[in-house]
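Engineer: Let me begin by handing over the structure; questions about it come next.
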Amino acid sequence: MYLQQLQLKQFRNYAEQTVDFCAPKTILVGDNAQGKSNVLEAIELLATLNSHRTHRDRELVQWGQAIAHIQGTVTRDAGPAELGMTFRQKARRTVAVNGQSLRRQLDGLGILNAVQFSSLDLDLVRGGPERRRAWLDGLLVQLEPVYAHVLQQYNRVLRQRNALLRAQAKRLRGEAVTGDRSTPLLPETDANTDNQALWDAQLAVAGARVIRRRSRALTLIAPHAQTWQQQMSNAQEMLQLTYCPNVPLPAEDAETKIPSQEIVQQAFLAAIRAKATAEYHQGMSLVGPHRDDISLEINGQPARQFGSQGQQRTVVLSLKLAELMTVESVIGEPPLLLLDDVLAELDLTRQDRLLSTIQDRFQTVITTTHLGAFDAGWRSGSQVLEVKEGALRSPSLS
Amino acid sequence: MPGIGPKSAQRLALHLLKRPDAEIEALANALLEAKSQVGQCRQCFHLSAEPLCSICQDMRRDRQTLCVVTDSREVIALEKTREFRGLYHVLGGVISPMDGVGPEALTIQQLVQRVAGRSPSTPQEIQGGQPSTQASNLPKIKEVILAIGPSVEGETTTLYIAQLIKPFTKVTRIAFGLPVGGDLEYADEVTLARALEGRQELE
Ligand SMILES: Nc1ncnc2c1ncn2[C@@H]1O[C@H](COP(=O)(O)OP(=O)(O)OP(=O)(O)O)[C@@H](O)[C@H]1O
Ligand SMILES: [Mg+2]
Ligand SMILES: [Zn+2]
């Protein structure tokens with residue numbers, strides 16, 4: 001997989017810019033706030049239809065303009081493809097493949113694959129569970145684009161069910177204030193119960209799809225992460241990645257076999273029943289993959305509490321390398337690697353390890369403020385582009 | 001108003017302000033009249049100026065097959081396909097707790113009565129009000145096609161209705177070719193026609 005060309009029109013601080021990628025590694029060098037990360041953001045958008053910096057399309061449009069357009073020319077084993085996205089100040093975005101506007105934007109996923117690594121990724125170890133869920137979900141979308149739809153469905157059902165529970169809780173409180181003491185401790189039995197049972201079932205169906213896919217993705221990536229951590233710690237550190245679903249999964253028969261959709265749904269419904277009273281009184285969904293986590297342990301100790309800074313950095317690098325390998329093995333082609341400001345933060349040993357892993361196999365785009373910040377090995381054979389005030393150019397030798 | 005942006009709205013308002021009073025009055029009356037005349041069909045809840053809409057009145061149509069949709073716009077879209085010759089039932093929305101819409105806010109109860117044969121079904125019965133013995137011998141509804149868009153809310157509504165009417169009749173749903181998460185309204189006619197052909201019985 002190779003991104004040959006990227007075009008930016010009225011995107012962030014770029015008025016009009018074409019970037020031709022002519023080496024396996026491209027280094028974007030420039031001062032702060034010149035537009036380096038904006039280029040990576042455009043690539044991220046083409047790969048995932050998402051930006052980790054914003055959920056609002058209008059922020060992507062250059063100030064004072066109405067629309068922005070980005071386009072990538074990708075070569076893959078299956079042939080070339082052109083992927084375009086148009087963002088609007090006041091209307092919905094459109095996604096186009098080979099000039100054809102897509103009815104379902106999700107169909108634009110899977111054309112370009114990219115793994116990102118920025119200094120923010122330290123939150124993977126230090127941050128809360130939502131950060132790790134977002135990471136796993138992002139990986140899943142790359143592995144199977146339909147997951148974007150699966151997750152969207154789950155979140156929608158969750159919001160509807162929460163609205164239903166909230167309304168019930170409100171009614172309950174209203175009754176408790178005005179009525180006598182005979183407030184029901186358990187959900188009433190009327191048409192509402194039927195209605196809620198349906199939302200329970202919908203949540204279990206949509207949720208089980210999420211759980212099974214997360215579980216499967218984790219079994220794919222965990223061994224890779226373990227191998228990398230071992231290599232980088234000279235076999236001193238054993239990294240254990242474990243999926244911790246909020247819905248307790250039934251004991252698996254074989255070692256890594258994931259229980260069937262049916263079984264997970266049953267477990268989900270049982271978990272809902274167990275929390276019925278609490279949900280009824282709190283007026284929100286307390287059970288489901290929106291409360292999942294992934295535990296990261298080094299030699300049996302949680303990396304979040306006990307890992308040293310250096311160990312935590314190594315864990316993040318292991319996770320990123322594992323992501324690269326997992327995407328490559330599932331997609332069958334090496335994805336792009338986007339390194340935002342992160343290379344200079346790694347010590348020389350880790351820089352070396354990363355370099356020897358990606359070699360020329362993974363197309364890599366790197367941002368930095370100083371070319372001298374990393375090992376010369378990175379510069380040889382790389383394309384260097386200077387970024388200044390929303391424009392890119394090859395450095396002059398003078 | 002739907003489909004009118006701020007600029008068009010301003011242009012319309014300025015235009016109206018410049019017209020003579022009589023013209024404005026005529027327009028206002030026309031709107032009021034339209035509003036008071038156009039109501040809902042008593043049987044299927046499609047938009048209609050008469051108590052019974054033209055589709056329900058049409059005796060050439062298959063009265064044993066019902067197609068359940070959320071909105072009158074979808075009746076119009078489905079009529080354009082000419083694929084469906086039965087009668088309709090317009091729900092008036094989908095179950096959506098976020099918008100405060102529960103099953104009781106829709107015409108689901110009326111649908112159940114219709115399917116259970118507890119409501120009059122021929123134009124004579126409805127308009128005349130006399131229950132004829134012959135009418136009650138008329139063939140009952142043999143199939144209900146649920147043509148509700150496949151959104152999360154549409155899915156829940158489909159399941160809710162299916163569970164209520166399954167004791168009385170065969171229940172199918174359109175399934176093929178619709179864009180996932182899309183609205184029936186936006187599906188093109190070819191897609192809709194194919195979707196009707198490919199309907200499946202609900203388990
Ligand atoms: N919608 C927009 N229209 C115009 N300019 C924008 C828009 N959004 C962001 N910018 C500008 O883009 C610049 C930020 O670009 P970017 O984040 O790519 O910087 P960077 O080169 O990565 O800097 P750093 O080294 O600090 O990370 C800022 O100057 C910001 O004002
Ligand atoms: Mg930056
Ligand atoms: Zn009618």
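Okay, residues lined up against (1) within 14 Å of chain A (Cβ to nearest Cβ); (2) within 18 Å of residue B:70 (Cα to Cα); (3) at pLDDT below 60:
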residue	(1), (2), (3)
B:106	yes, yes, no
B:109	yes, yes, no
B:126	no, no, yes
B:134	no, no, yes
B:138	no, no, yes
B:156	yes, yes, no
B:159	yes, yes, no
B:179	yes, yes, yes
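Engineer: Report the residue count in the stretch B:79-91 for those that are surrounded by fewer than 15 Cβ atoms within 10 Å (Cβ to Cβ) and either in contact with a Ser or Thr (Cβ under 9 Å, 6 or more places away or on another chain) or within 14 Å of chain A (Cβ to nearest Cβ) (or both).
Structural biologist: Residues meeting the conditions: 1.
Engineer: How about the stretch A:206-262: which of its residues are crowded, with 20+ Cβ neighbours inside 10 Å, out of contact with any strand residue (DSSP E or B) (no Cβ under 9 Å at 6 or more places or on another chain) and within 30 Å of residue B:155 (Cβ to Cβ)?
Structural biologist: Of everything in the stretch A:206-262, those that are crowded, with 20+ Cβ neighbours inside 10 Å, out of contact with any strand residue (DSSP E or B) (no Cβ under 9 Å at 6 or more places or on another chain) and within 30 Å of residue B:155 (Cβ to Cβ) turn out to be A:206, A:207, A:208, A:209, A:210, A:212, A:213, A:247.
Engineer: I've got another one for you. Hey, can you tell me all the residues within the stretch B:12-22 that are surrounded by 11 or more Cβ atoms within 10 Å (Cβ to Cβ) and more than 25 Å from residue B:72 (Cβ to Cβ)?
Structural biologist: Here is the first cut: in the stretch B:12-22, the residues surrounded by 11 or more Cβ atoms within 10 Å (Cβ to Cβ) are B:12, B:16, B:19.
Hits for the stretch B:12-22 are B:16, B:19.
Engineer: OK, next. Taking residue B:8 and the conditions (1) surrounded by fewer than 17 Cβ atoms within 10 Å (Cβ to Cβ); (2) within 30 Å of residue B:109 (Cα to Cα); (3) of a type in the set (S, T, N, Q), which numbered condition does it fall short on, given that it satisfies the others?
Structural biologist: With respect to (1) surrounded by fewer than 17 Cβ atoms within 10 Å (Cβ to Cβ); (2) within 30 Å of residue B:109 (Cα to Cα); (3) of a type in the set (S, T, N, Q), residue B:8 is out only on (2).
Engineer: Can you tell me which residues in the stretch A:119-134 are surrounded by fewer than 20 Cβ atoms within 10 Å (Cβ to Cβ) and not acidic (Asp, Glu)?
Structural biologist: A:119, A:120, A:122, A:126, A:127, A:128, A:129, A:131, A:133, A:134
Engineer: Name the one entry in A:150, A:146 that is within 14 Å of chain B (Cβ to nearest Cβ), open to solvent by 20 Å² or more (accessible area, probe 1.4 Å) and over 16 Å from residue A:83 (Cβ atoms). Step through it out loud before you land on a result.
Structural biologist: Numbers: A:150 fails: open to solvent by 20 Å² or more (accessible area, probe 1.4 Å).
Answer to the selection: A:146.
Engineer: Within the stretch A:357-398, can you find the residues that are farther than 29 Å from residue A:12 by Cα and open to solvent by less than 70 Å² (accessible area, probe 1.4 Å)? Explain how you work it out, then say what you get.
Structural biologist: Going through the stretch A:357-398, the residues farther than 29 Å from residue A:12 by Cα turn out to be A:357-361, A:375-377, A:380-381, A:398.
Scanning the stretch A:357-398 gives A:357, A:358, A:375, A:376, A:377, A:381.
Engineer: Something else: When the stretch B:35-78 is examined, which residues are found to be within 11 Å of the chain's Cα centre (by Cα) and exposed (fewer than 14 other Cβ atoms within 10 Å of the Cβ)?
Structural biologist: B:76, the sole residue that qualifies.
Engineer: Within the stretch A:282-398, which strands (runs of 3 or more DSSP E) (wholly inside it) include 2 or more residues that are more than 16 Å from ligand 1 (Cβ to nearest atom) and in contact (Cβ under 8 Å) with a residue 24 or more places away in the chain?
Structural biologist: Passing ranges, in order: A:293-298, A:336-340.
Engineer: Further question: Is there a residue in the stretch A:81-101 that is within 16 Å of ligand 2 (Cβ to nearest atom), at pLDDT 95 or above, touching a Phe, Trp or Tyr at 6+ places or on another chain (Cβ under 8 Å) and more than 14 Å from every other protein chain (Cβ to nearest Cβ)?
Structural biologist: No, there is no match, as no residue in the stretch A:81-101 is within 16 Å of ligand 2 (Cβ to nearest atom), at pLDDT 95 or above, touching a Phe, Trp or Tyr at 6+ places or on another chain (Cβ under 8 Å) and more than 14 Å from every other protein chain (Cβ to nearest Cβ).
Engineer: Return yes or no: is residue A:106 in contact (Cβ under 8 Å) with a residue 24 or more places away in the chain and either surrounded by fewer than 21 Cβ atoms within 10 Å (Cβ to Cβ) or at positive phi (or both)?
Structural biologist: Details: in contact (Cβ under 8 Å) with a residue 24 or more places away in the chain: yes; either surrounded by fewer than 21 Cβ atoms within 10 Å (Cβ to Cβ) or at positive phi (or both): yes.
Here the answer is yes, as residue A:106 does meet what is asked.
Engineer: Quick test for you: out of B:85, B:61, B:42, B:11, pick the one residue that is more than 16 Å from ligand 3 (Cβ to nearest atom) and either farther than 25 Å from residue A:195 by Cβ or modelled with pLDDT under 95 (or both). Before the answer, list the steps.
Structural biologist: Details: B:85 fails: more than 16 Å from ligand 3 (Cβ to nearest atom); B:61 fails: more than 16 Å from ligand 3 (Cβ to nearest atom); B:42 fails: more than 16 Å from ligand 3 (Cβ to nearest atom).
It is B:11.
Engineer: Being within 16 Å of ligand 2 (Cβ to nearest atom), part of a loop (DSSP other than H, G, I, E, B) and surrounded by fewer than 22 Cβ atoms within 10 Å (Cβ to Cβ) is the filter here, so list the residues in the stretch A:24-54 that pass it.
Structural biologist: A:30, A:31, A:32, A:33, A:34, A:51, A:52, A:53, A:54
Engineer: Something else about it: If you go through the stretch A:73-102 one residue at a time, how many are surrounded by 14 or more Cβ atoms within 10 Å (Cβ to Cβ) and of a type in the set (Lys, Arg)?
Structural biologist: 3
Engineer: Here is a check on your reading of the model: is residue A:72 away from ligand 1 (no atom under 16 Å from the Cβ), within 30 Å of residue A:296 (Cβ to Cβ) and in contact (Cβ under 8 Å) with a residue 24 or more places away in the chain?
Structural biologist: no
Engineer: Then there is this: Filter the stretch A:14-23 down to residues that are surrounded by fewer than 17 Cβ atoms within 10 Å (Cβ to Cβ) and of a type outside the set (A, V, I, L, M), then give me how many there are.
Structural biologist: Final tally of qualifying residues: 4.
Engineer: Looking at (1) in contact with a strand residue (DSSP E or B) (Cβ under 9 Å, 6 or more places away or on another chain); (2) among the basic types (Lys, Arg); (3) open to solvent by 40 Å² or more (accessible area, probe 1.4 Å), which is the only condition residue A:320 fails?
Structural biologist: Unmet condition: (3).
The values are calculated or read from the model by the stated rules, or taken from the named source; none is laboratory data. All values reported here derive from a predicted model rather than from experimental measurement. Because the Cβ atoms are built from the backbone with ideal geometry, glycine has one as well, and the counts that use them run over all protein chains shown. Protein only, heavy atoms only, side chains kept; ligands, DNA and RNA dropped before computing areas. Shrake-Rupley method; radii C 1.70, N 1.55, O 1.52, S 1.80 Å.
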